[in-house]
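S.K.: This is the structure I have questions about; it appears just below.
The values are calculated or read from the model by the stated rules, or taken from the named source; none is laboratory data. Nothing here was measured: the structure is a model prediction, and the numbers come from that model. Glycine also receives a Cβ, built like all others from the backbone with ideal geometry; neighbour counts cover every protein chain displayed.
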Amino acid sequence: MSILYVVATPIGNLEDITERAKRILSEVDLIAAEDTRHTAKLLAHLNIRTSLTAYHDHNESRASRSLIDMIKNGKDVALVSDAGTPLIADPGYRLVKLAREEGVKVVPVPGPSALIAALCVAGLPSDKFTYYGFLPAKSKALEDFLTAQKNETGTLVFYESPHRLVKTIEMFERVFGGDRTLVVARELTKKFEQVSFATIGETRQRIEAGEITVKGEFVLLLQGQQKIEPNWDERELLTVLLSELPISKAAEIASRLTGGAKKTLYKLAVSIKKGD
């Protein structure tokens, strides 16, 4: 049995192709491509002559079965999308799932991804983020979906098309307000790459002023809900607590509320009790 390779390809700049990806694409028996015409241009640029077959949203079920049978009969196959990493807002899930179910070895050949490229330059927290892909097209569904994410604290990442960009940002403003940070990453790695860092309201104004060009492919990165930390005055808090509680219990509760060291708060509570 041979191998299914999941191969990432450039999202714009052809120099981003990895040496490993080039080697795999030249060595496999067949490349399954989202758009064979698009991939043929990449292969021509790389001087690779491997045969191509179509694998897209409309033939996933049938093509997946055929490709797995081919691999089980000793052929190596590479899966590519039009740009970036397959399965990330692109076809491939059914093929990989079927491969796993039937014991076919799946090997990742990592590389470019618009999602990761945008996150790296956004200046928003990257320790926790959620990728949602493309948003619902209809206004009610879009509003309901965004409302459900209103209290999400991590960075929210979306893909968006130019003809829906304005509508989406207007809905962001309606649901989240205008003050959250929104990063609009446009045409990443391409000639007209543009990254805008502003609030939602400022972003809408930049689009209206023509400062952000509404053309090309977009990644939107939205700041999550920020936790509002109470600004406790430790002495005032302990004074109130000590009116009802013993020193040790007051210090324990004050520590939980403020995040302060219990030992330090205990000493302060003793001082307050003494009238210092």
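S.K.: Can you pull out the residues in the stretch 74-98 that are of a type in the set (A, V, I, L, M, F, W, C) and under 14 Å from Ala32 (Cα atoms)? Reasoning before the result, please.
M.R.: Of the residues in the stretch 74-98, the ones of a type in the set (A, V, I, L, M, F, W, C) are 77-80, 83, 87-89, 95-96, 98.
Within the stretch 74-98, Val77, Ala78, Leu79, Val80, Ala83, Leu87, Leu95, Val96 meet the criteria.
S.K.: Scan Gln205, Gln194 and give me the residue that is of a type outside the set (Lys, Arg) and more than 30 Å from Pro10 (Cβ to Cβ). Talk me through it step by step, then tell me what you get.
M.R.: Details: Gln194 fails: more than 30 Å from Pro10 (Cβ to Cβ).
So the residue among Gln205, Gln194 that is of a type outside the set (Lys, Arg) and more than 30 Å from Pro10 (Cβ to Cβ) is Gln205.
S.K.: Let me ask another. Could you please let me know if Val184 is of a type outside the set (S, T, N, Q), surrounded by 18 or more Cβ atoms within 10 Å (Cβ to Cβ), not assigned by TED's automatic domain parsing to the domain that holds Ile11 and not in a helix (DSSP H, G or I)?
M.R.: Numbers: of a type outside the set (S, T, N, Q): yes; surrounded by 18 or more Cβ atoms within 10 Å (Cβ to Cβ): yes; not assigned by TED's automatic domain parsing to the domain that holds Ile11: yes; not in a helix (DSSP H, G or I): yes.
Considered against the rule, which asks whether it is of a type outside the set (S, T, N, Q), surrounded by 18 or more Cβ atoms within 10 Å (Cβ to Cβ), not assigned by TED's automatic domain parsing to the domain that holds Ile11 and not in a helix (DSSP H, G or I), Val184 comes out as yes.
Residues are listed down the side, and each one gets a yes or a no for (1) outside the structural domain of Met171 (by TED's automatic domain parsing); (2) polar (S, T, N, Q):
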{"site": "His45", "(1), (2)": "yes, no"}
{"site": "Ala54", "(1), (2)": "yes, no"}
{"site": "Ser61", "(1), (2)": "yes, yes"}
{"site": "Ala78", "(1), (2)": "yes, no"}
{"site": "Ala141", "(1), (2)": "no, no"}
{"site": "Lys150", "(1), (2)": "no, no"}
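S.K.: In this structure, does Thr203 turn out to be among the hydroxyl-bearing types (Ser, Thr, Tyr) and in a helix (DSSP H, G or I)? Break it down into steps so the answer makes sense when it comes.
M.R.: Numbers: among the hydroxyl-bearing types (Ser, Thr, Tyr): yes; in a helix (DSSP H, G or I): yes.
Yes, satisfied.
S.K.: Let me ask something else. If you scan the stretch 208-243, which residues turn out to be charged (D, E, K, R) and modelled with pLDDT under 85? Let's see the steps before the verdict.
M.R.: We begin by selecting, within the stretch 208-243, every residue charged (D, E, K, R); these are 208, 211, 215, 217, 227, 229, 233-236.
Selection gives Lys227, Glu229, Asp233.
S.K.: Turning to a different aspect of this structure: Being outside the structural domain of Ala250 (by TED's automatic domain parsing) and either surrounded by 14 or more Cβ atoms within 10 Å (Cβ to Cβ) or in a helix (DSSP H, G or I) (or both): is that true of Thr213 here? If you could, list the steps in order and put the result at the bottom.
M.R.: Working: outside the structural domain of Ala250 (by TED's automatic domain parsing): yes; either surrounded by 14 or more Cβ atoms within 10 Å (Cβ to Cβ) or in a helix (DSSP H, G or I) (or both): no.
Considered against the rule, which asks whether it is outside the structural domain of Ala250 (by TED's automatic domain parsing) and either surrounded by 14 or more Cβ atoms within 10 Å (Cβ to Cβ) or in a helix (DSSP H, G or I) (or both), Thr213 comes out as no.
S.K.: What are the pairs, 6+ residues apart or on separate chains, where a residue within the stretch 247-268 that is touching a residue at least 24 places away in the same chain (Cβ under 8 Å) has its Cβ under 7 Å from a residue that is among the basic types (Lys, Arg)?
M.R.: Ile247/Lys273; Leu268/Arg235
S.K.: Looking only at the stretch 103-146, count how many residues are of a type in the set (Val, Ile, Thr) and either over 24 Å from Ser196 (Cα atoms) or modelled with pLDDT under 95 (or both). Full working, then the answer.
M.R.: As a first pass, look at the stretch 103-146 and keep what is of a type in the set (Val, Ile, Thr): 104, 106-107, 109, 116, 121, 130.
Restricting the remaining residues to those that are either over 24 Å from Ser196 (Cα atoms) or modelled with pLDDT under 95 (or both) gives 104, 106-107, 109.
Result for the stretch 103-146: 4.
S.K.: While we're on this one: Out of all the residues in the stretch 216-253, which are surrounded by fewer than 12 Cβ atoms within 10 Å (Cβ to Cβ) and among the acidic types (Asp, Glu)?
M.R.: Glu229, Asp233, Glu236, Glu244
S.K.: Another question, if that's okay. What number goes with the only condition from (1) in contact with a helix residue (DSSP H, G or I) (Cβ under 6 Å, 6 or more places away or on another chain); (2) closer than 30 Å to Gly178 by Cβ that Arg206 does not pass?
M.R.: If we test Arg206 against (1) in contact with a helix residue (DSSP H, G or I) (Cβ under 6 Å, 6 or more places away or on another chain); (2) closer than 30 Å to Gly178 by Cβ, just (1) comes out false.
S.K.: Which residue is surrounded by the most Cβ atoms within 10 Å (Cβ to Cβ), if the candidates are limited to the stretch 108-151 and must be in a helix (DSSP H, G or I) and of a type in the set (D, E, K, R)? Walk me through how you get there before you give the answer.
M.R.: Keep residues of the stretch 108-151 that are in a helix (DSSP H, G or I), which gives 114-122, 139-148.
Going one step further and asking which of them are of a type in the set (D, E, K, R), we end up with 140, 143-144.
On the way: Lys140: 8, Glu143: 14, Asp144: 12.
Among residues in the stretch 108-151 that are in a helix (DSSP H, G or I) and of a type in the set (D, E, K, R), the one surrounded by the most Cβ atoms within 10 Å (Cβ to Cβ) is Glu143.
S.K.: Also: If you take the residues in the stretch 187-200 that are under 19 Å from the mean Cα position of the chain (by Cα) and outside any strand (DSSP E or B), which one is surrounded by the fewest Cβ atoms within 10 Å (Cβ to Cβ)?
M.R.: Glu193
S.K.: Can you name the residue in the stretch 254-276 that is crowded, with 16+ Cβ neighbours inside 10 Å and under 19 Å from Asn231 (Cα atoms) and is also nearest to the chain's Cα centre (by Cα) among such residues?
M.R.: Thr258
S.K.: Check off (1) modelled with pLDDT under 95; (2) out of contact with any Lys or Arg (no Cβ under 7 Å at 6 or more places or on another chain) for Glu60 and give me the number that stays unchecked.
M.R.: Against the list (1) modelled with pLDDT under 95; (2) out of contact with any Lys or Arg (no Cβ under 7 Å at 6 or more places or on another chain), Glu60 comes up short only on (2).
S.K.: Would you confirm, using the coordinates I've provided, whether Asp144 is closer than 22 Å to Arg174 by Cα and among the charged types (D, E, K, R)?
M.R.: Numbers: closer than 22 Å to Arg174 by Cα: yes; among the charged types (D, E, K, R): yes.
Against the criterion (closer than 22 Å to Arg174 by Cα and among the charged types (D, E, K, R)), Asp144 qualifies.
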